[in-house]
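These notes are about the structure you will find just below.
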Amino acid sequence: MAAEHSKGAFVTKRDGIIIQATLSIKFCSKLNKSLVKTHKLTVHAYGDSALSCSQVLRWLKAFKEGQEEVANNPCAGRSSTRTTYDNLAYVSDLFNSDHWLSVRMIAENLNIPKTIIHGLVTNKVDMRKVCA
């Protein structure tokens, strides 16, 4: 499975790369590296998974202003209550037991919108449709 349960949150492979890249940006900030140099280093280290230049700038500013945390703060707005660990585990177990299940069938079973189930399946469980 591509997601790991950590303190009630999901850490996907992409999230792990973002945390690593953010740590790299923090390190470059402590060395007083420029935005361009920091971005080049992260692109060299992380390739296509590297953060954009604007994201590197945002993190550099945050670290120069004294932020120590490398994790994103929760965004304002409606909370994502549908993507709980229980729902993810349930969807993963369903797909592992019966690969013929559709997103619609799981959505009806859990009483969750199809778009949420599709996001769980493609982003968290890391499954794609395979046509034979």
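Of the conditions (1) exposed (fewer than 15 other Cβ atoms within 10 Å of the Cβ); (2) at pLDDT below 90; (3) of a type in the set (D, E, K, R), Asp15 fails just one. Which one is it?
(1)
Here are Val121, Val70: which of them is under 15 Å from the mean Cα position of the chain (by Cα), at pLDDT below 85, part of a helix (DSSP H, G or I) and not polar (S, T, N, Q)?
Matching residue, one of Val121, Val70: Val121.
What residue, of Val70, Val56, is within 15 Å of Ile18 (Cβ to Cβ) and outside the structural domain of Thr22 (by TED's automatic domain parsing)?
Val70
Among the residues of region 96-120, how many are surrounded by 17 or more Cβ atoms within 10 Å (Cβ to Cβ) and not aliphatic (A, V, I, L, M)?
Looking only at that region, the number is 0.
When you go through Leu57, Leu23 one by one, which is the residue that is in a helix (DSSP H, G or I) and touching a Leu at 6+ places or on another chain (Cβ under 6 Å)?
The unique qualifying residue is Leu57.
The values are calculated or read from the model by the stated rules, or taken from the named source; none is laboratory data. Bear in mind the structure is a predicted one, so any value in this text is a computation, not a measurement. Here the Cβ is made from the backbone with ideal geometry for all residues, glycine too, and neighbour counts use every protein chain on show.
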